Amino acid sequence: MTLELLLVYLAGTFTWPASPPPDLHAVIRSEFVYMASTRTTTSEWWASDGKSTIRQGDRLSITREDLGVVWRASLKEGTYSERTIAPAGQAAAPPDAAGANVDMRTAGYDWEPSYEWSVKASGQSSTIAGRACREFVATGDADYAEARVSFWACDPLPGVVRNPNDAVVASLASRSVRRMILETLTKQGGAWVLAADEQQEPAIAPTMVMRVRVETLEAGAAPAGTFDLPPSFKKLGR
Amino acid sequence: MNASTRRRLTALQATLVAALPAALAVALSAAGAQPPAALPPVVVGELTVLEETYRLLDSTAEKIWPGWTGYRDVPFLFEFENRLRVLVGHPNPPAPFQIVPGLAVGGRSVAADRSAVTGVKVKPFLSGGGGPINFGAAADGTPVNTVHISLGSPRAPGGEGAEAAEPPRTEEKVLMYLHELFHCFQRGRIQPRFGNLRFNADADFATWSQIEGFALERAYRAADPAAARERMKEFTVARALKRQSMNDTQRNEESADDVREGTATYATLRALEIIRAGGFKPGRSGADDPYYRGFADADRMIASYAERLLKSAAKHEDPKMKCYDYGCFQCALAERLVPGWQQQVEQGKPMDAILAGAIPIGEGERADAERRLRSDYPFEEARGGALAFTGARDAAYRAIASREGRVYIVDLKPVRQFINTLAPRTGAYVLGLLTLFPAGYPGFTLDAVELSPVKIPCNTDQLYYFRAVDTESNTRSQAYTVAGQRQADGSYADAVVTTPLFTLRAPKLRIVESANRVKIQVLARVKQAPAATGSRP
């Protein structure tokens, strides 16, 4: 019996006491193709209710929504930095397009493509990390950039509260791409994205390609300490 | 490579290409491949400038910065205006680069990518710029740190990068390559922990930044070390006053930029000083290259660094660019006043901190220094200029940002053309990556591409793009008209696009239209020669 079936069985069998939903674990492989070279990275990601952690080589990032902090740690150096995060659901103020209240000291630097998207289901289907998936293809046009994205919307693992979507789309280049994928997934009844390719013609740089794919996906209990900093780690800064 | 070597190599290439054994030619033909051709003489001539850079570094590198070796191991990627790309010394040239037979620079192989070559003419004098990038990968997959250089024709007077009144000279290119090679030397050795400054001057910043630059120049000119130290105290106080507009990150970024670009600029200044002292024998002459005088005017070139420092001080746009001159002269002063400063830089300490540490300012001295900065320097004049500049720039930004209506964009990225080199910027203001033209844009001609003048407030942005907003678009029945030959891929050949704001002509372009935006992508700047007819062997 697979772990997934076991969880479904257990979920159906026991109604009391209410056991917490299982944690979610994914191994995510991403590629960045730029200037005739490819950089490949593999990340290990865990999520629980209000917590997530992602490890990439000797770098570790732990998000504790329950504590309102993000820790970024170097496993090699045994150090970490901490920043606070806004309460869930609090959106950033929209930019002031007319320039009335712009900070002139930083104006003109932060152009971010806001694509106009055309999104279509390609009709292709596949199985990724054991889940049934449908492909979507999107083309985006912005003032100074263009993008072509394909991504796979997949059936969620049953009984799991968290989804891996934020962790998967984090490897993609622009906020507009990430937002478009997440909005499409919502329209698809809360599907999970388990693979995506983004080809971007950015404003200034040569063509970039980002590819991301979930290699492993499973529900289960995270090892003890997964969402905590090792106690010996030293905090950086004042 | 001297002239005779270069000529010999050029002849050798021609011989190799012409005398390819028949069997090899047949084999290549059968495989559908073509033997790589020789590079044009103008391109080979450009590569020899790199040879001269190596020769200069052989004489100066260790004197510029202890431990600077390995410069001959760094590959160069040259990108010419016609999209020809040439790689020198790359361990594993990626496709579609092909080794150019019989050609070497500094004993290292040369490979060329002709896959995107256009009909744009490449002719001397070529100038350009660039920087280190990772390009391709070694056989083991490791990215290859490469100096990327784009070379093109001189640009419109008054345009970005135009050298007013300076005759073109190859010496500047030798120093540019030396500068970029120093950046490669910095990797793993001189690595500031902060990113690039992204900051526009406000009036306070602009004022104190100008005074700070003047103090640095006076310190450099000071006759004796004691006087130089006094001026450096003024520099330190002016910098602190300037930085009241900045947050901690921005302060650290500015110091980091001074280290990154200042040390690399200082490397070129030190090289010139060594040349002036007789420490370099040129390997090529004016007979090889009419733009080269073997650094005969090294004195004049050294003097131009201090002149540039003063010009840089008085320039309020793009404060990041001051790091080249301010950083360079902090190095020069540290060389004079702080023994062992280079080791401190390698340990992560920026020059401004090194100088401030070595030349401490007493409690009572700080107020005195500020008083001198206000009385012994042209403070009021600087303040007036700064207020006028920032006021006009901010008004220009608001005038352009508040325009609402249909957006027109001319995109030169497909032809890799920086837009700010094409037209004079008289009356324009730089803000971040924007260049604001509050009184309209003068238009430009680039080979067969012509953009007419635009008579409304508008801007360029992000290196490649022109942008204008038609505030009366809701009164118009058509966004544009286009004349030309429509191609199967939706582009137009020999096209003329007429909009309410401007007319654009181009040999090839594409129009991407959405609800409130018309984006015109220029796909070619010269007419392409018709495809050859007949069969190839």
Checklist entry - How would you order A:37-47, B:75-85 from highest to lowest mean count of nearby Cβ atoms within 10 Å? => result B:75-85, A:37-47
Item to check | Cα→Cβ-extended label distance, 7 Å offset, between A:ASP166 and A:GLU82, nm | outcome: 1.9
Next on the checklist: For the pair A:ARG179/B:MET321, report the inter-label distance in nm, with labels modelled 7 Å from Cα in the Cβ direction.
Outcome noted: 3.3
Checklist entry - From the Cα gyration tensor of the stretch B:467-520, with a ≥ b ≥ c the square roots of its eigenvalues, which class applies: rounded if a/c is under 1.5, or else prolate if a/b is larger than b/c, or else oblate? => result prolate
Checklist entry - So which lysines pass the test for B:LYS63, namely a Cα distance under 16 Å, with those fewer than 8 places away in the same chain ruled out? => result B:LYS281
Checklist entry - How much accessible area is lost when chains B and A come together, counting both sides, with a 1.4 Å probe, in Å² rounded to the nearest 100? => result 2900
Next on the checklist: Just to verify a number: what accessible area does B:TYR480 come out at with the full protein assembly present, 1.4 Å probe, Å² rounded to tens?
Outcome noted: 50
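Under 11 Å from the Cβ of B:ASP297, count the other residues' Cβ atoms, weight Lys and Arg +1, Asp and Glu -1, and hand me the total.
Here the count lands on +2.
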Checklist outcome for this item: Once phi for every residue in the stretch B:115-123 is put through the Karplus expression 6.51 cos²θ - 1.76 cosθ + 1.60 (θ = phi - 60°), the whole-Hz ³J(HN,Hα) values, with Gly and Pro written as x, are 5, 10, 5, 10, x, 4, 6, 10, 9
Checklist entry - In the stretch B:80-124, which residues give up 20 Å² or more of accessible area once the other protein chains are added, compared with their chain alone (1.4 Å probe)? => result none
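Are there GluC sites (Glu not before Pro) in the stretch B:326-412 that DSSP marks as loop and that have at most 15 other Cβ atoms within 10 Å, and which are they?
Passing both the DSSP loop test and the Cβ count: B:GLU404.
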Next on the checklist: At 1.4 Å probe size, with the rest of the protein present, what percent of the exposed accessible area of chain A is carbon and sulfur atoms?
Outcome noted: 52
Item to check | MRE, 222 nm, helices only [DSSP H, n ≥ 4, -39500 (n - 2.57), over chain B, to nearest 500] | outcome: -13500 deg cm²/dmol
Next on the checklist: Let's test the formula: R0 of 35 Å, r as the Cβ-Cβ distance of B:ALA515 and B:LYS121. What FRET efficiency results, to the nearest 0.05?
Outcome noted: 0.30
Checklist entry - Which value does Rg/Rh take for the protein assembly as shown over its C-alpha atoms, Rh per Kirkwood? => result 0.98
Item to check | Solvent-accessible heavy-atom area per residue, rounded to whole Å², over the protein assembly as shown at 1.4 Å | outcome: 47
Checklist outcome for this item: Projected convex hull area of chain B, Cα atoms, direction-averaged, in nm², equals 28.6
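Can you tell me how the stretch B:79-236 classifies by the Cα gyration tensor, rounded, prolate or oblate, using a/c under 1.5 as the rounded cut?
The shape class here is prolate.
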Item to check | Set of lysines near A:LYS120 by C-alpha distance (under 20 Å), chain-local residues within fewer than 8 positions excluded | outcome: A:LYS187
Checklist entry - Based on the Cβ-Cβ distance of A:TYR109 and B:THR471, what FRET efficiency does E = 1/(1 + (r/R0)^6) give at R0 = 30 Å, to the nearest 0.05? => result 0.70
Checklist entry - Among all the lysines, which ones have a C-alpha under 25 Å from B:LYS242's C-alpha, if same-chain residues fewer than 8 places away are not counted? => result B:LYS233, B:LYS311, B:LYS315, B:LYS320, B:LYS322, B:LYS349
Next on the checklist: Based on alpha-carbon centroids, what's the gap between the stretch B:400-452 and the stretch B:232-248 in Å, whole number please?
Outcome noted: 35
Next on the checklist: Please identify the DSSP H helices in chain B that span no less than 15 Å along the helix axis (Cα) and have a mean Kyte-Doolittle hydropathy of -1.0 or more.
Outcome noted: B:3-18, B:41-64, B:170-186, B:203-221, B:225-242, B:248-276, B:298-314, B:322-337, B:379-401
Checklist outcome for this item: Of the residues B:SER312, B:PRO143, B:LEU216, the Cα lying farthest along the dipole of the protein assembly as shown towards its positive end, which is defined by charges on the beta carbon of Lys, Arg, Asp and Glu, belongs to B:PRO143
Checklist entry - What figure in square angstrom, to the nearest 10, would you give for the accessible area of B:ARG406 with a 1.4 Å probe? => result 40
Checklist entry - Of B:ILE520, B:ALA37, B:VAL345, whose Cα points farthest to the positive end of the dipole of chain B (charges on the beta-carbon: +1 Lys, Arg; -1 Asp, Glu; origin at the Cα centre)? => result B:ALA37
Checklist outcome for this item: Calc'd 3J(HN,Hα), the stretch B:280-294, phi into Karplus 6.51 cos²θ - 1.76 cosθ + 1.60 (θ = phi - 60°), Hz, glycine/Pro = x, comes to 8, 10, x, x, 9, 9, x, 5, 6, 8, x, 9, 10, 10, x
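The values are calculated or read from the model by the stated rules, or taken from the named source; none is laboratory data. Because the structure is predicted, anything quoted here is derived from the model rather than measured. Neighbour counts run over all protein chains shown; Cβ positions are idealised from the backbone, glycine included. We work out accessible area using only protein heavy atoms, side chains counted, and drop any ligands, DNA or RNA first. Shrake-Rupley method; radii C 1.70, N 1.55, O 1.52, S 1.80 Å.
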